[in-house]
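Structure first, then comments.
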Ligand SMILES: [Zn+2]
């Protein structure tokens, strides 16, 4: 039984897939932390459903990464046997949940981007990624609808809900730019029509966010997108705590099955 | 291989397996059985997953293996194929009728904007209570005419 951490290939396609798989796993984990704590029953179901969608997307992407990497890793090895420095998710998705408004504003910022991203990926020249995108694009449409409905309700709600939504947006905004930023090691994949340059989605993303924010009476922060690094494995302290919980069982009892 | 075993018979068995989450539908009604192939070493069943986050997919594979195993098909291998992606348009007309009889409003053809009709009284005056229901495929609705709540199989 191998027990230590795995070493990742530096194949650009593997890293490209793992980045999105890690986003989905980590956000799915964060959303699942609401289980039993949501403010109302319908929301309990919604957050759990959305968490499951992300977990499902992560599993499909990890399985495909394993196939491409061909190094004998599987989805569990990627999820349970990598250290924070080998996780390539956005800093945005690892932020702790905070209050309900903070969780929803994050989901909104992320889903607004991912709905554009999956849509664009349905045209990827990689048939497997295009097929995954065809399924995910339908799921993220619901996530975005749910999150943006809530953002409008919170922003255009009571002074307290507006205050919380605006605080969340101000706190999360510096983290939102990382998903819009081109990754140098993805340039060749983009040129070959396999990957999408996220930079091309910046304007449509900003348009959607601006329009929703206007409806919600939220003010878009002017702060720069200063918080980046997750895509290269430079994570915040929160990521270590998250993985400690997510990986505990497999680290303590390697290979445990039930 | 025993002589009564055939590809057609194996397909019928696989298609008759009930969906674990919406047991009124069979996998055949759902339209997820893509191919069944008999060989010297057993049978290969190819399915297309419905939703990314559907926890029933593992159970579906086990149920198919069990049903074919009991019928004497030996080794059953479940393969999944993602492309083309499954959609609710693949649910058969019989599946629609079964859902309705069970009290679940069936999905509309994708890209249409028809009203969700109450499966109890047939009223088209209905409203969504919660978009995310008891399973990934269902939303919770209410009829404005008879006031009964019901599940709606979401278009996907
Ligand atoms: Zn009715």
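Looking at the structure I just gave you, is residue A:37 away from chain B (no Cβ under 14 Å) and either assigned to a helix (DSSP H, G or I) or touching a strand residue (DSSP E or B) at 6+ places or on another chain (Cβ under 9 Å) (or both)? Walk me through how you get there before you give the answer.
Details: away from chain B (no Cβ under 14 Å): yes; either assigned to a helix (DSSP H, G or I) or touching a strand residue (DSSP E or B) at 6+ places or on another chain (Cβ under 9 Å) (or both): no.
Considered against the rule, which asks whether it is away from chain B (no Cβ under 14 Å) and either assigned to a helix (DSSP H, G or I) or touching a strand residue (DSSP E or B) at 6+ places or on another chain (Cβ under 9 Å) (or both), residue A:37 comes out as no.
Can you tell me which residue within the stretch A:60-70, out of those that are more than 8 Å from chain B (Cβ to nearest Cβ) and within 19 Å of residue B:55 (Cα to Cα), is surrounded by the most Cβ atoms within 10 Å (Cβ to Cβ)?
Looking only at the stretch A:60-70, we keep the residues that are more than 8 Å from chain B (Cβ to nearest Cβ), and these are A:61-70.
After this cut, where a residue has to be within 19 Å of residue B:55 (Cα to Cα) as well, the list is A:61-64.
Details: A:61: 27, A:62: 23, A:63: 17, A:64: 22.
Out of the qualifying residues, it is A:61.
Among the residues of the stretch A:203-233, those that are under 21 Å from residue A:133 (Cβ atoms) and surrounded by 17 or more Cβ atoms within 10 Å (Cβ to Cβ) comprise A:205, A:208, A:231.
Selection of the stretch B:1-25 for residues being without any contact (Cβ under 8 Å) to a residue 24 or more places away in the chain and surrounded by 17 or more Cβ atoms within 10 Å (Cβ to Cβ) yields only B:15.
On inspection, residue B:91 qualifies as away from chain A (no Cβ under 14 Å) and either touching a helix residue (DSSP H, G or I) at 6+ places or on another chain (Cβ under 6 Å) or away from the ligand (no atom under 16 Å from the Cβ) (or both). Please identify the pairs in which a residue from the stretch B:113-134 that is within 14 Å of chain A (Cβ to nearest Cβ) has its Cβ atom under 7 Å from the Cβ atom of a residue that is assigned to a loop (DSSP other than H, G, I, E, B) and within 11 Å of the ligand (Cβ to nearest atom), counting only partners at least 6 apart or on another chain. From residues that are within 14 Å of chain A (Cβ to nearest Cβ), the pairs are B:127/B:144.
Taking the options A:147, A:130, A:134, name whichever one is within 13 Å of chain B (Cβ to nearest Cβ), modelled with pLDDT under 95 and part of a helix (DSSP H, G or I). Please lay out each step first, then the result.
Working: A:147 fails: modelled with pLDDT under 95; A:130 fails: modelled with pLDDT under 95.
Within the list A:147, A:130, A:134, the selection yields A:134.
State all residues of the stretch B:97-131 that are away from the ligand (no atom under 16 Å from the Cβ), within 20 Å of the chain's Cα centre (by Cα) and surrounded by 15 or more Cβ atoms within 10 Å (Cβ to Cβ); if no residue qualifies, say none. Passing the criteria: B:98, B:107, B:108, B:131. In the condition set (1) more than 21 Å from the chain's Cα centre (by Cα); (2) away from chain A (no Cβ under 14 Å), residue B:77 is compliant with all but (1). Assess whether residue A:153 counts as being within 30 Å of residue A:217 (Cβ to Cβ) and at the interface with chain B (Cβ under 10 Å from one of its Cβ atoms). In short, no. With respect to the conditions (1) within 13 Å of chain A (Cβ to nearest Cβ); (2) farther than 21 Å from residue A:143 by Cβ, residue B:86 falls short on a single one, namely (2). Please find, within the stretch A:92-125, the residue that is nearest to residue A:196 (Cα to Cα) out of those that are in contact with a helix residue (DSSP H, G or I) (Cβ under 8 Å, 6 or more places away or on another chain) and in a loop (DSSP other than H, G, I, E, B). Here the residue is A:124. Scanning the stretch B:43-59 for residues that are within 14 Å of chain A (Cβ to nearest Cβ) and surrounded by 18 or more Cβ atoms within 10 Å (Cβ to Cβ) returns B:47, B:48, B:49, B:50, B:51, B:52, B:53, B:54, B:56, B:57.
In the stretch B:114-131, what residues are under 27 Å from residue B:86 (Cβ atoms) and not in a strand (DSSP E or B)?
If we filter the stretch B:114-131 for residues that are under 27 Å from residue B:86 (Cβ atoms), which is where we start, we get B:114-119, B:126, B:128-131.
Hits for the stretch B:114-131 are B:114, B:115, B:116, B:117, B:118, B:119, B:131.
Name the single residue, out of those in the stretch B:132-147 being modelled with pLDDT under 95 and assigned to a loop (DSSP other than H, G, I, E, B), that is nearest to the ligand (Cβ to nearest atom). So the residue we want is B:133. Out of the residues in the stretch A:154-192 that are in a helix (DSSP H, G or I) and without any contact (Cβ under 8 Å) to a residue 40 or more places away in the chain, state the one that is farthest from the chain's Cα centre (by Cα). Looking at the filtered set, the residue picked out is A:159.
The values are calculated or read from the model by the stated rules, or taken from the named source; none is laboratory data. Not measured: the values here are computed from a predicted model. Neighbour counts are summed over all protein chains in view; Cβ atoms, including those assigned to glycine, are modelled from backbone coordinates with ideal geometry.
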